[in-house]
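Novice: Could you have a look at this structure, given as structure tokens, before my questions?
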Amino acid sequence: MTQQLPDLLTAGVRDGLQALYQVTDPNLDITLQSTRKEFDGEFTIVTFPLTRLAKKKPEQIGAELGQYLKTELEEVSDYNVIKGFLNLVITDRYWIEFLLQQAQATDFGRSPKTDERVVVEFSSPNTNKPLHLGHVRNILLGWSTSQLLEAAGFDVKRVQIINDRGIAICKSMLAWQRYGEEATPAGKGVKPDHFVGQFYVLFEQRFQEEYADWQQTTTAKTILQDKNPKQLPEEAFWKAYKNTYFNTYSALGGAAKDMLLRWEDKDPDTITLWKRMNGWVYEGFTETYRRLGVSFDKLYYESDTYLLGKDMAQAGLEKGVFYQKEDGSVFVDLTDAKLDEKAILRSDGTSLYITQDLGTARLRYDDFGATRMVYTVGDEQNYHFQVLFEILKRLEEPYAAGLYHLSYGMVDLPTGKMKSREGTVVDADDLMDEVIQEAYNSSLERDATSELSADERREIIRMIGMAALKFQIIKVGPQKRMTFDPKESVDLQGQTGPYVQNAYVRTRAVWRKAPDTDLAAAADYQQLEPTERELISQLYAYPALVRDAATQYDPSQVAMYCYELAKGLHKFWHDVSILNADSPAAVAFRLSLCRAVGNVLKHGMGLLGIEMPERM
RNA sequence: GCUCCGUUAGCUCAGUUGGAUAGAGCAGGAAUCUUCUAAAUUUCAGGUCAAAGGUUCGAAUCCUUUACGGGGCACCA
């Protein structure tokens, strides 16, 4: 049983083609796929592409090849042919031995560890407001991908870069300084990151008031007349003009910019205030991360890294990858890679966003020696990462071949885009509260956990709510833009986290009832029921699925797999009796099957950061 | 204007390197709890895979054009 079935079968097909038709093309691509549910068998060979080589009809090839494989391979018990499809049935003996010998292993699905190191970046918030639904998708995606890479054998380091400086945090600071009256989160009883966010919102409000007043001045009226060539309606014009107003006329805008300058000059009072307010934010973030069940190996702060990368700019110049313009600015020409010319340093020699990213990449390599780096960042930055990776490649950085932008689509609400200015942002903490409340409401109709303590029940309800939320988000492929309805779409039934949890709980319940069963009898089990055969072949596919999902950086595949496996378990549960089965062999075998399925469900959901309760 | 991405059932989503009659869940109709947890199972209904053309034995999948939606095109981040 050392050789995997797909390899064994394709090798068998090659042998068969040679024996039957004298075909020996080593480059021949044999199409092997898993058999659809409505047909008998577990693996299917597509014979259409073979017609040219064998010079026979697909049905005939299927029949001849099927007979050959049935005779030559002990693992193949039967076959059937439908048009150009040869469906192969694997013997019960093979499946039974696989289940009892391999699928019971606690490390089933895990690849052997290598010492290849990968850095996964995710979350990377700004420090001016609390985390919201968009961050939640980023965090769940980044976390589950990091788990997936770990299961695939990599040594994973999880990091985030915290955008702790800049004009945004200065707005919150200014608002607190002017209107906060020395208030503190503890004093107000508000979660500290939300507290800071309130001042960010307050700044925006005051700024809008100031802007509205200013629009009545004669200066403003002149501007509206002179600088509106497209004849936009007044409201639209002012909306478009807002940035210019902030930067040129606004007193509040000026004050915020002054604060940023003082921060850059390391003014002690400004730094003290900055540290204090960021401290509040980190306290709040820590709590949110804890509830989400994620953690990091290292945090990078933009205040430490925003000047990095100048040495990379210098190195690039020396290598001739970059060039300097007359005004002193440094550029890279990527037009031959179908990208643009991109600035690396300003004419005054200061860094840009991309410069910083070059420096940070190098810093991570120096910190961890990672040969791969994954950036979990929204798809609006696709172009930025193309440019970044291309530059790093040209600089011949040692990790350049292992860079990956884990790009994901925006999360929309049923009402449209989330917009912080319009107050339509779904807050991460509120969202978690809501789903857990929903799980609680739902639990009131049941009594399966009534004999447990209040604490234990609360813990189970928390797990169910979080599973619903996480599964809902992770099951959607990363690159896809998704719609999330915070009220209605957190279902607890059907294709959901709790559905999978329930399947696991069933596998545990049956074991609680029969803890001392002698499992040795399982080896005597002879004939598989259809649902058993289905479950085992699903288990069989798990290790390859984890590897594929990891190479594609796609946790949604694991989510879909867990759902399908849970569905198989539920059907099995409905169709056959476990503890009251006909023979001791059947009881032992089915208990073993339950254990293997339970292990895989727990492992797979664990990769997604979803916990499994013992009861629910 | 240039460029990238998306469009599959009323809604939310799957759909492997091109393969069988395009699949799930929710919502709607109908059944199934004295038996290992009914957060389950079974069943009915629901489709011009955005549109047109092309390649192929075979296209939701690859190519071209179009429509609609979104992103990106700073010495911003």
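A short reminder: the numbers here are calculations on the coordinates, not readings from a lab. Keep in mind that this is a model prediction, so the values were computed, not measured. FYI the Cβ positions are ideal-geometry reconstructions off the backbone, even for glycines, and counts take in every protein chain you see.
Novice: Please list, or write none, the lysines whose alpha carbon is within less than 22 Å of the alpha carbon of A:Lys342, excluding same-chain residues fewer than 8 places away.
Specialist: Filter leaves A:Lys310, A:Lys319, A:Lys325, A:Lys393.
Novice: Run the simple label-point estimate for A:Gln22 and A:Lys257 please: 7 Å along Cα→C-beta, distance reported in nm.
Specialist: 8.5
Novice: Would you kindly state how much longer the chain becomes between A:Asp433 and A:Glu97 on full extension, computed as 0.36 nm times their sequence separation minus their alpha carbon distance, in nm to one decimal?
Specialist: Numbers: separation 336, 0.36 × 336 = 120.96 nm, distance 4.58 nm.
Here the answer is 116.4 nm.
Novice: What full-extension length gain, to one decimal in nm, is calculated for A:Asp348 and A:Gln4 as 0.36 nm per residue of separation minus the Cα-Cα distance? All intermediate terms of the calculation are to be shown ahead of the outcome.
Specialist: Numbers: separation 344, 0.36 × 344 = 123.84 nm, distance 6.14 nm.
Result for the pair: 117.7 nm of gain on full extension.
Novice: Give the residue list of trypsin sites (Lys or Arg not before Pro) in the range A:398-463 that are DSSP loop and have at most 16 other beta-carbon atoms within 10 angstrom. Present the calculation step by step, with values, prior to reporting the outcome.
Specialist: Values: sites: A:Lys417, A:Lys419, A:Arg421, A:Arg446, A:Arg457, A:Arg458, A:Arg462; in loops: A:Lys417, A:Lys419, A:Arg421, A:Arg446.
Loop-located and lightly packed - A:Lys417, A:Lys419, A:Arg421, A:Arg446.
Novice: Among A:Trp214, A:Trp274, which comes first, second and so on when ranked by fewest other beta-carbon atoms within 10 Å? Show your work: numbers first, answer last.
Specialist: Numbers: A:Trp214 15, A:Trp274 22.
Placing the least packed residue first, the sequence is A:Trp214, A:Trp274.
Novice: Let me ask something else. Starting from the Cα of A:Gln526, step 7 Å toward the Cβ, then list every residue of the range A:571-608 with an amide N under 16 Å from that point.
Specialist: Correct set: A:582-587, A:589.
Novice: With charges set only on the Cβ (+1 for Lys and Arg, -1 for Asp and Glu), what does the dipole of the range A:5-90 come to about its Cα centre, in debye to the nearest 20? Before the final figure, lay out each step's value.
Specialist: Working: 9 positive and 13 negative charges, 98 e Å.
The dipole of the range A:5-90 has a size of about 460 debye.
Novice: With r defined as the distance between the Cβ atoms of A:Lys242 and A:Glu38 and R0 fixed at 60 Å, what FRET efficiency is calculated, to the nearest 0.05? Working shown, then result.
Specialist: Values: r = 59 Å, r/R0 = 0.99.
Efficiency, from the Cβ-Cβ distance: 0.50.
Novice: In whole Hz, what ³J(HN,Hα) sequence does the range A:546-556 give by Karplus (6.51, -1.76, 1.60; θ = phi - 60°), x for Gly and Pro?
Specialist: Per residue, the Karplus-derived 3J(HN,Hα) values read 4, 4, 4, 4, 5, 5, 9, 6, 9, x, 4 Hz.
Novice: Kindly identify the range A:1-51 as rounded, prolate or oblate by the Cα gyration tensor criterion: order the square roots of the eigenvalues as a ≥ b ≥ c, call it rounded if a/c is under 1.5, otherwise compare a/b with b/c, prolate if a/b is larger, else oblate.
Specialist: On the way: a/c = 2.26, a/b = 1.37, b/c = 1.64.
Oblate.
Novice: For the range A:431-557, build the charge dipole from Cβ charges (+1 Lys, Arg; -1 Asp, Glu) around the Cα centre, then report which of A:Ala550, A:Thr496, A:Ala467 sits farthest towards its positive end.
Specialist: Value computed over the given set: A:Ala550.
Novice: Tell me the angle of helix A:268-292 to the major Cα principal axis of chain A, expressed in degrees between 0 and 90 and rounded to the nearest ten.
Specialist: Orientation of helix A:268-292: about 20 degrees from the principal axis.
Novice: Sticking with this one: Nothing charged except the Cβ atoms of Lys and Arg (+1) and of Asp and Glu (-1): what's the magnitude of the dipole of the range A:77-230 about its Cα centre? Round to the nearest 20 debye. Before the final figure, lay out the partial values.
Specialist: Numbers: 18 positive and 18 negative charges, 89 e Å.
So the dipole magnitude of the range A:77-230 works out to roughly 420 debye.
Novice: When a/c reaches 1.5 or more, the comparison of a/b and b/c decides; with that in mind, is the range A:484-551 rounded, prolate or oblate per its Cα gyration tensor?
Specialist: Numbers: a/c = 2.60, a/b = 1.52, b/c = 1.71.
Here the range A:484-551 falls in the oblate category.
Novice: Any idea how far the Cα center of the range A:428-507 sits from the one of the range A:541-573, in Å?
Specialist: Measuring centre to centre over Cα atoms gives 19 Å.
Novice: Which one of A:Ala454, A:His570, A:Tyr245 is farthest out on the positive end of the charge dipole of chain A, using unit charges on Cβ (Lys, Arg +1; Asp, Glu -1) and the Cα centre as origin?
Specialist: Towards the positive end, the residue furthest out is A:Tyr245.
Novice: Further question on the same structure: If you restrict to DSSP beta bridges whose two residues both lie in chain A, what percentage is antiparallel, to the nearest 5? The partial results should precede the final answer.
Specialist: On the way: 23 of 45 bridges.
Taking every DSSP beta bridge with both residues in chain A, the antiparallel ones total about 50 percent.
Novice: Moving on to the next point. Any chance you could check the Cα centroid distance between the range A:287-348 and the range A:373-408 for me, in angstrom?
Specialist: If you average the Cα positions of each part, the centres end up 11 Å apart.
Novice: Moving to a separate point now. Calculate the spin-label point distance for A:Glu182 paired with A:Glu380, positioning each point 7 Å from the Cα along the beta-carbon direction, and give it in nanometres.
Specialist: Result for the modelled spin labels: 4.0 nm.
Novice: Shape verdict for the range A:234-296, please, from the Cα gyration tensor: rounded (a/c under 1.5), prolate (a/b greater than b/c) or oblate. Can you show the working numbers first?
Specialist: Values: a/c = 4.20, a/b = 1.52, b/c = 2.77.
Taking the square roots of the gyration eigenvalues as a ≥ b ≥ c, the range A:234-296 is oblate.
Novice: Provide the FRET efficiency to the nearest 0.05 for the A:Ser111-A:Asp412 pair, computing r from the beta carbons and using R0 = 51 Å. Walk me through the numbers on the way to the answer.
Specialist: Numbers: r = 36 Å, r/R0 = 0.71.
Rounded to the nearest 0.05, the efficiency is 0.90.
Novice: Return A:Thr305, A:Thr71, A:Thr44 ranked ascending by Cβ neighbour count within 10 Å, so the fewest neighbours appear first.
Specialist: On the way: A:Thr305 18, A:Thr71 10, A:Thr44 23.
With the sparsest Cβ surroundings first, the list reads A:Thr71, A:Thr305, A:Thr44.
Novice: Now for a different question. Less than 23 Å apart at the alpha-carbon level, and either on another chain or at least 8 residues along: which lysines does that give for A:Lys55?
Specialist: By straight Cα distance, A:Lys55 reaches A:Lys70, A:Lys83.
Novice: Search the structure for amide H atoms under 5 Å from the amide H of A:Tyr79, placed 1.01 Å from N in the peptide plane, and list their residues when 5 or more places away or on another chain.
Specialist: The answer is A:Val89.
Novice: Where nothing but the Cβ of Lys and Arg (+1) and of Asp and Glu (-1) is charged, how large is the charge dipole of chain A around its Cα centre, in debye to the nearest 20?
Specialist: Details: 71 positive and 89 negative charges, 131 e Å.
Charge dipole of chain A: 640 debye, to the nearest 20.
Novice: For the range A:1-63, which GluC sites (Glu not before Pro) pass both filters: DSSP loop (anything but H, G, I, E, B) and at most 14 other C-beta atoms within 10 Å?
Specialist: Answer in residue order: A:Glu38.
Novice: Further, regarding this structure: Within the range A:352-384, which residues have the backbone N less than 13 Å from the label spot 7 Å out from A:Ala401 along Cα→beta-carbon, could you tell me?
Specialist: Within reach of a label on A:Ala401, which here means backbone N under 13 Å from a point 7 Å along Cα→Cβ, the range A:352-384 contributes A:371-372.
Novice: Tell me, rounded to the nearest percent, the portion of alpha carbon pairs in the range A:5-90 spaced more than 17 Å apart. Let's see the in-between values first.
Specialist: On the way: 1349 of 3655 pairs.
Cα-Cα pairs in the range A:5-90 separated by more than 17 Å: 37 percent.
Novice: Follow-up question, since we're still on this one. Can you work out the Karplus-derived ³J(HN,Hα) for every residue in the range A:245-258? Use 6.51 cos²θ - 1.76 cosθ + 1.60 with θ = phi - 60°, whole Hz, and x for glycine or proline.
Specialist: Result, ordered by residue: 4, 4, 7, 10, 10, 5, 5, 5, x, x, 5, 5, 5, 4 Hz.
Novice: With the cut-off at 27 Å, tell me which of the pairs A:Lys191/A:Lys298; A:Lys419/A:Lys480; A:Lys57/A:Lys571; A:Lys157/A:Lys191 have Cα atoms farther apart than that. Provide the component values of the computation, followed by the final result.
Specialist: Values: A:Lys191/A:Lys298 24 Å; A:Lys419/A:Lys480 19 Å; A:Lys57/A:Lys571 38 Å; A:Lys157/A:Lys191 29 Å.
The pairs that break the limit, which is 27 Å between Cα atoms, are A:Lys57/A:Lys571; A:Lys157/A:Lys191.
Novice: Shifting gears a bit: Rank the residues A:Glu264, A:Glu210 as a footprinting-exposure proxy: fewest other Cβ atoms within 10 Å of their Cβ go first. Don't jump to the answer; show the numbers that get you there.
Specialist: Details: A:Glu264 11, A:Glu210 17.
Taking fewest neighbouring Cβ atoms as first place, the list is A:Glu264, A:Glu210.
Novice: Also, quick follow-up: Direction-averaged shadow area of the convex hull around the Cα atoms of chain A, nm²? Mind showing how you got there, number by number?
Specialist: On the way: hull surface 147.5 nm².
Taking a quarter of the hull surface, the average projection is 36.9 nm².
Novice: Of the options A:Ile30, A:Phe48, A:Tyr68, report the single residue whose Cα projects farthest towards the positive end of the charge dipole of the range A:5-90 (beta-carbon charges: Lys, Arg +1; Asp, Glu -1).
Specialist: Of the listed residues, the answer is A:Phe48.
Novice: Which whole-number percent is the relative contact order of chain A (Cα, under 8 Å, 6+ apart)?
Specialist: 15
Novice: Another question, then. Evaluate E = 1/(1 + (r/R0)^6) for A:Tyr301 and A:Thr51, where r is the Cβ-Cβ distance and R0 equals 51 Å; express this FRET efficiency to the nearest 0.05.
Specialist: Numbers: r = 63 Å, r/R0 = 1.24.
Once the sixth-power term is evaluated, E becomes 0.20.
Novice: Quickly estimate the mean residue ellipticity at 222 nm for chain A, helices only: each DSSP H run with n ≥ 4 gives -39500 (n - 2.57), and the total goes over all residues, rounded to 500. Please list the in-between numbers first.
Specialist: Values: 22 runs with 331 residues, N = 616.
Computed mean residue ellipticity for chain A: -17500 deg cm²/dmol.
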